[in-house]
Amino acid sequence: MLLSALMLAAAGCGKKPQTSPLAPTNASTGGVEKIKQEAKDAVTAATGYLTQQKERLQNSLSDKLTDLAKQLSDLKAKSERTGDKARSEWTNALAGLQQKKQIAADKLEQLKNSSSDKWQEFKAEVEAAVADLEKALKEPLARSKDDDKSSRQ
């Protein structure tokens, strides 16, 4: 008896269940549509996130550039109150700073005009230009403060 049960079980294991050929069904079509919609939603969310990041960067760099432009303007005003020799030195320094400011402003404009999927290509360039201006302003600002201290004494 045990032997016949084992033989039946072994014979049953060899049979393959019959399946129907693959045919689109409403269930699988609905699944595909759901996946398509999820993919569209993911792309929309990613695009929105990138746009938000671009706007944050633009605002941050624009604010920083405005602050640096104000510092540059203050330096220019101080340079106009100096003697002829110092004014000549300041004029040369300010011309270089003004050029760096313009480069940073141009790069920021490129970033603003870039598409939401291309703005990251400009990000490093704008950040570098603003950092270059900031670095270049440090020495003249320090010198200006030193000049203020020495004129008060």
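Values quoted throughout were computed directly from the atomic coordinates according to the rules given, and no laboratory measurement underlies them. Remember, it's a predicted structure, so these values are computed and weren't measured experimentally.
What percent does the relative contact order of the stretch 50-153 come to when contacts are Cα pairs within less than 8 Å and at least six residues apart? Intermediate results must be reported in sequence, preceding the final value.
Working: 65 pairs, mean separation 37.4, N = 104.
36 percent.
Can you give the Rg to Rh ratio of the stretch 50-153, both from alpha-carbon atoms, with Rh computed by the Kirkwood formula? So for the stretch 50-153, dividing Rg by the Kirkwood Rh gives 1.10. Under 19 Å between C-alpha atoms is the cut-off here; go through the stretch 57-120 and count lysine pairs that meet it, provided they're at least eight residues apart or on different chains. The number of close lysine pairs in the stretch 57-120 is 16.
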